[in-house]
Each structure stands twice: as structure tokens, then as C-alpha cells.
Amino acid sequence: MTNTNQFLVTEDLTINQLTQQVTHNGSLLLLPDLSYRTLLLLIEKAPNTVSVDQLIENVWQDIEVSSETVTQRIALLRKSLNTNSKPGINYISSIRNKGYRWVPEVKTINKTLNNSNHYRLWMLLITVVLVIASSWFYFANQPKNQNTSFQTTQSKDEFLSQAWLYLNKHDLPSNKIALDLFRKSLANNSENTEAMIGISFAISHQVTKYNQPNNLLDEAEILANKAIKLSPNNADAWIALGFIKDARGEIDHAIELYKKGIKINPDDVSTKSSLAYLYSQKGKLVEAMKLNIESIGSKQTYLNLQIANTLELLGFDSVAEHWYHKADELSPDNVFVTHQLARFYISNDQNSKAKEVIESAMKRGIKRPELNVLLGIIELMNKDNEKATVNFKNALKVDADDFEANIWNKIVSTNNQNSIAEKEKFEAQWLEESADWPDVEVFKALYLAQNNRFEESIQSLEKAYINGYINHKWLKKLPPFYPIKDNPEFLRVIETMQNNTSKQRQQLLNADWLPVSFLDPQKY
């Protein structure tokens, strides 16, 4: 007696669905369970596209994961498939804003199993079922007051659990759903601190990632402070308030709040990663790198990007480029990765690569003012003021309140018919703004230099340095500073930044916590 067994054959792969074995060019390919299930779903749905939500639902099932997790799993699967494949084979295609599609043709082949193999498989299946049944019977008959994980899950606020699930998807529609669910949970219990924290996080994400107005942060701050008052030992409450200060550009305050949250919960790698980013913005590169290295392996969304950016500031460009590409490969739709990678290329005189990265992201539907600003800067470098103006205006269409976009837009219109009153109004609105964020003083310096107010411009650069700005390489690339590139005071500021980074570079090289060969380009 025989039984039919289905094999899926595609390109140089064969999948035995019964034994869940994958052979690649005749050799057994060992895949983690999540990679196997991802592979199988893509092949079964081929040639159709599988959305990220479908992957999460079918591969991770009841486990809450974000779209970044799916991206990482696809990257790992691609790496496994490409290890022993022939050059030029494209297994998985990324479909913009839709998901992923298995490219090669798929064939189904029926093979037969003899009766003895069939019998052994059925006996194994029966054994597994009996084990599961007995386990269920045991737990079902335990005393009801036992604190089992199953009971804990059931007793959780369903609005809250769903809200966190949607918030972790990291897109605006899901964020809005999460916010609504958090509000429903809070409506059921006006002192529910977790719901308050959730609302605060959701609002802060809307402002920082999805171009929503800053005044939304007022509600977020009220709820975060209330959560702290009700639960002063809740690390997330302090972190939520830190996130708000971070979003407002109050870096020093945000750093202290993040540190307080980490002190309460030392295992919070995510907040350590956020703190590392702020350290790098304040010019504390060694402290930033230490936290980042401690977080390696934690799969934090921005970790690879932060390592890349810190390495770039320290002057390790070859190694930084590796980490930038790694960040871009694992998070191709992350606007912050796109922005920093493009800026890295511009800093290294590779404007065409920068433009290609930005335009590719825009075609995928990414909208952030920073990207249009970079395109405008490239056009200014090309001495095409007309194209630069278009890009800066497009940046304002994305976010009319973006500080950098407003400054650059005014820079390109400085020589036009702007009345003294208009200039005074603009300067009162933008140049008098005070913030901990070091870039703010750089933007002011750009405007002042463009208006031939060179002494004031250099003073703003000095303030930027005091606030932590040390990216001297980027400053020298910006067109408004060209007229003062040989100015002794400008060169003094640049040299001060260079000396600072050189000192920190040596401190990093001497650090006993730095992994061996971490900074060796040959390793990568």
C-alpha cells in the first residue's frame, strides 16, 4: 500500500512538505522554523505577492511582531538561500508598499511513500497528539488560583494588548488604531497608567515619525506626568516623558529622563539605544558607542544606523559605510536610514549615490522633509538654484513647520524681493528659537552666512559646538559657508571640532570594552 507525498520544486530548491526538509542544489538546507515557514508561505502563494500582515498572521501567528521583524526575517532567508546558489538568481522580490513575492516558477511533484513509512509517520503523529492532550488535561485540572501564564494573558486588558500590537507595526494607520484602543482602555479605568503611557508613546511617534503637529505633545506630556505621579517606580512612565522631551528637542532633559528609566529598569535595551542616539547628538561619541555595542544582538530598530552614524563622526568611514548598508538592507523603508546614508554619501562627494538612495525611497512612498532638503542641497552644490528651490518648497509641503526646511527655503529666496519687514518677521519666528538640539544653531548659522552676517554665523556655530555638534566634515560641504571657508574664525571652529573627535577616537581605541577587530574594515 502506498501514500502520495507532495514535493515543491522551484529553481534549485526542493521542499518536502511532509518532513519539512529543504534541499538546495541537492544538499540539505537547515533553516530556522520562522525562516522555513516564511519560505513555504511565499512559495505556496507564488506568483502572488504576500503582504507583511499576511506574513505576520501566518508565520508568527499569535506572537506580536513589527514590520521591521518581517524585514529582518526576509533578509536572513535571502542570506541563507544565496549562500550556495548560482550567481544572478533572484528568489524573493520586494514589492513596494505591498510585500514580497517568490520569483522562480514553482512545480508540485507527487512522490509515494511505502506502507511502513506511512505507518511510522502516523504513529508519530498519534504520539504527539496524546502528549498535547495529556498536557492540556493536566493544566486544565490545576487549581484556579494558580498564577499560570495562560491566566495572566486572559486577565489582561484586551484593548491594551491589541493597542501595543498595532503600535509596534510602526505605520501611521496602525498608530491611529493603537491610539484609539489605548483611549478605550483609559475610558474604562481613568487611573490605568499603562493606557496613559501607551497614549503618550503613540502621540510621540505620530509627531516624530509621521509629520503630525507638535502641539499634540501637550496631551502626551500631561498623561506621562500623571502616570509618573500614580506610579513613580514605573520605568516606562519616565521613558514616555523622556520621549516627549526628545521630540521637542529638549535633549538634556530627555537624557536625564531616559537615564532615570534605565536606572529603574537596567534591562531596557530599547531606551539605552535611544540614550545612545542622544549622546551622539550631544557629541558624547564614546558613551554612545559603548551603549550601542552593549545593545548588539538586541535587534533594536535603529541600532545599526546609530553605530554607523557614531563611527562616521569618529572618522571610521569604511566601517561606518558597512553599518549604513546593513541598516539600509534590514530596514529599506526606514526614512532615518535613508536620510543618514544619503548624507554620508554627500559628505564623501558621492552625490549621485545620495540622490539615487533618496529618489528610490520616495518612489516607495516615503515622505519626509529631510529627504527633499538633501535633494535641494545637492542642487545648490550643482549651482542650480531653481531646482534647489523646488525641492525646499516640496519639503515644506510635507511639513510646513520643519525648522531646517524653512531655513533653506529662505536661504534660496534671500536675493529675491524680500522686504526688510518680511526678513524681520522670519528671523523673529525662526532665529530667536532656542533649543538643545545642536543642529538648530547650525541652521541659523547657514541663514546668517547667506546674508553675509559672517561674524554672527560663526557665533552660532560656536553655540552649536557647545551644544555638542561636531560634524565638521558636513559643515564644509554646505554652500552658504563657502564664502567663509578660509575665514580664520571659521577654521578655528572646524579645528576645535576636529580635535574633539580625534581625542574621542583615541579614547575609543583604548577602551577595554571595545570588541577585538570591531574597527577593522577587513572584518567586514
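Below is a table of values for the structure above.
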{"read-out": "Cα-based shape type of the range 390-524, given that a ≥ b ≥ c are square roots of the gyration tensor eigenvalues and the cut on a/c is 1.5", "value": "prolate"}
{"read-out": "Options [x] 1.03; [y] 1.08; [z] 1.37 - which one matches Rg/Rh (Cα atoms, Kirkwood Rh) as calculated here", "value": "[x]"}
{"read-out": "Between helix 420-430 and the chain: long-axis angle, C-alpha atoms, 0 to 90°, nearest 10", "value": "40 degrees"}
{"read-out": "Mean residue ellipticity (222 nm) of the chain, computed from DSSP H runs ≥ 4 via -39,500 (n - 2.57), nearest 500", "value": "-20000 deg cm²/dmol"}
{"read-out": "Signed unit charges on C-beta, dipole axis of the range 257-398, positive-most listed residue Ser352, Ser273, Asn309", "value": "Ser273"}
{"read-out": "For Asp267, Asp252, order by how many other beta-carbon atoms lie within 10 Å, fewest first", "value": "Asp267, Asp252"}
{"read-out": "Difference of contour (0.36 nm per residue) and Cα-Cα distance, Arg364 to Glu422", "value": "17.1 nm"}
{"read-out": "For the range 2-110: span of alpha carbons on each principal axis (Å, largest first)", "value": "42, 34, 24"}
{"read-out": "Degrees separating the helix 269-281 axis from the principal Cα axis of the chain, which is the longest one", "value": "20 degrees"}
{"read-out": "In degrees, nearest ten, helix 317-330 long axis to first principal axis of the chain (Cα)", "value": "50 degrees"}
{"read-out": "Cα centroid of the range 200-271 to Cα centroid of the range 330-405, whole Å", "value": "29 Å"}
{"read-out": "Within the chain, longest stretch free of exposed GluC sites (Glu not before Pro) [DSSP loop, at most 15 other beta carbons within 10 Å]", "value": "192-431"}
{"read-out": "Listed residues Tyr100, Ser318, Ala163: farthest to the positive end of the dipole of the chain (Cβ charges)", "value": "Tyr100"}
{"read-out": "Relative contact order (%) - criterion: Cα under 8 Å, at least six apart; region: the chain", "value": "9 percent"}
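The numbers here are math on the coordinates, done by the rules we state, and not lab data. This is a predicted model, so every value here is computed, not measured. FYI the Cβ positions are ideal-geometry reconstructions off the backbone, even for glycines, and counts take in every protein chain you see.
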